[in-house]
Amino acid sequence: MNTKRVVALIIAAVLLFFSIGINTIITIFKTDFFSSFGSVLETETLTYENVVESGDFTNRIAHLTVNGVIQDVGEPSIWETVDYNHQAFVEQLDAVLKDDTVKAVLLSVNTPGGGVIESEEIYQKLVEIKEEKQIPIYVSMGSMAASGGYYISAPASKIFAQRETITGSIGVIMQSINYGKLAEKVGVEFETIKSGEHKDMFGGVRPSTKEELAMLQEMIDESYEHFVDIIEAGRSMSEADVKKVADGRVLGGSQALSAGLVDEIGNEEAALNALRADFGLEDAEFFEYTMDTSGWGSLLGVKLGSMLRPSAESELLSKIISSTNSPRMMYLYGDY
């Protein structure tokens, strides 16, 4: 064996050892113990109150924000962040419910909607706050408050939208990709063993039958009627008036005002000023819940995440393996 081959084998062995070592470290850091450790780091930097405008701390206005697709994708960790933290937002709603100093809520909504379950959970919490605490909830719509975004806005005492706001999209959607013909072209065959004829319905490997489509349509229709009921109750509108615009169409702020879906055209500041004036809260403290990202735990988490994060290819493969393409009902506008 010549010298070059020996050197090459040594280099290959070192690289193999190094690769095994790095993968071992990553595996260790992803065990339950270190996952719990990462959670501890995060729990030390959870929500806290940030006073935006000082005032009477016994009469306060809470500012809540929904920004991003409404879906529960779990808690952020040292490995990744999430755009919208559903559980953290629900905790904020619970905090408002238990805080006797909160006399009003300003909810800023900037979302295309999201999951039916998550939207309903927010809606129920807002109704509970409004009815049990007997306090007003004003909504300020951002660039988009569509579908599930309107669903959670409906119970508000007053809704403000901007002229450029995209709202509406009232309805329910469920989608799946049927890739059966593509698979047939490339020579892929599906072998399915099932307990009933409908077990693989809407699974993407075959066309749905008329009977199956009727089943799914019945589910969609039921959720749609519930959506309409929510708007009827929240906006004091008749079913006929709601259904004039509840066909999935999107509306601008001015169109939504004409349709009775919003109360005034104005931005977040206008909504806050109106809330203060309407309920004698001119001197009230205005605060918001914020995620503290300045602590040592968050900084350490970022460092660990960047140092020990798997490759982009490994992350993609992990997402493919762990995710499911099962269709679900959504209060969602657009392809998000």
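Bear in mind these aren't lab numbers, they're just calculated from the coordinates by the rules spelled out. Predicted model only: the values in this text are computed from it and were never measured. Don't worry about glycine lacking a Cβ; one is built from the backbone with ideal geometry, like all the others, and counts go over all protein chains shown.
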A 18 angstrom limit on the alpha carbon distance is what I want to check against. Which of K103/K125; K158/K244; K98/K158; K130/K244; K98/K125; K125/K243 exceed it?
K158/K244; K98/K158; K130/K244; K125/K243
Please list, in chain and number order, the residues 5+ apart from V102 or on another chain whose amide H is under 5 Å from its amide H, with Hs placed from the backbone.
R60
Stretched out fully, how many nm does the piece from F57 to V127 gain, at 0.36 nm a residue minus the Cα gap?
22.8 nm
Karplus-derived 3J(HN,Hα) from phi for the range 58-64 (6.51 cos²θ - 1.76 cosθ + 1.60, θ = phi - 60°), whole Hz, x at Gly and Pro, runs 8, 10, 10, 10, 8, 9, 10
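Calculate, in nm to one decimal, what S176 and V205 gain on full extension: separation in residues at 0.36 nm each, minus their alpha carbon distance.
Values: separation 29, 0.36 × 29 = 10.44 nm, distance 1.00 nm.
My answer for the length gained is 9.4 nm.
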By Cβ neighbour count within 10 Å, fewest first, V105, V188 rank V188, V105
What are the residues whose amide H is under 5 Å from the amide H of A146, where those residues sit 5 or more places off or on another chain and H is modelled from the backbone?
T111, G113
Separation of the S254 and N50 label points, Cα + 7 Å toward Cβ, nm
3.5
Net charge near A274: determine it from the other residues with C-beta under 12 Å of the C-beta of A274, scoring Lys and Arg +1 and Asp and Glu -1.
-4
Amide H of R328: which non-local residues (sequence gap of 5 or more, or other chain) have their own amide H closer than 5 Å, using H built in the peptide plane?
Q175
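Where does each of Y48, Y289 land when they are ranked from fewest to most other beta-carbon atoms within 10 angstrom? Please report the intermediate quantities before stating the final value.
Values: Y48 10, Y289 20.
Result, fewest neighbours first: Y48, Y289.
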Please report D200, D263 as a ranked list, fewest other C-beta atoms within 10 angstrom at the top and most at the bottom.
D200, D263
Sticking with the crude label model, points 7 Å out along Cα→Cβ, report the distance from E222 to E91 in nm, one decimal please.
3.3
Backbone HN-Hα couplings from phi across the range 206-222 [Karplus 6.51/-1.76/1.60, Hz, Gly and Pro as x]:
8, x, 6, 7, 4, 5, 5, 4, 5, 4, 5, 4, 4, 5, 4, 4, 5
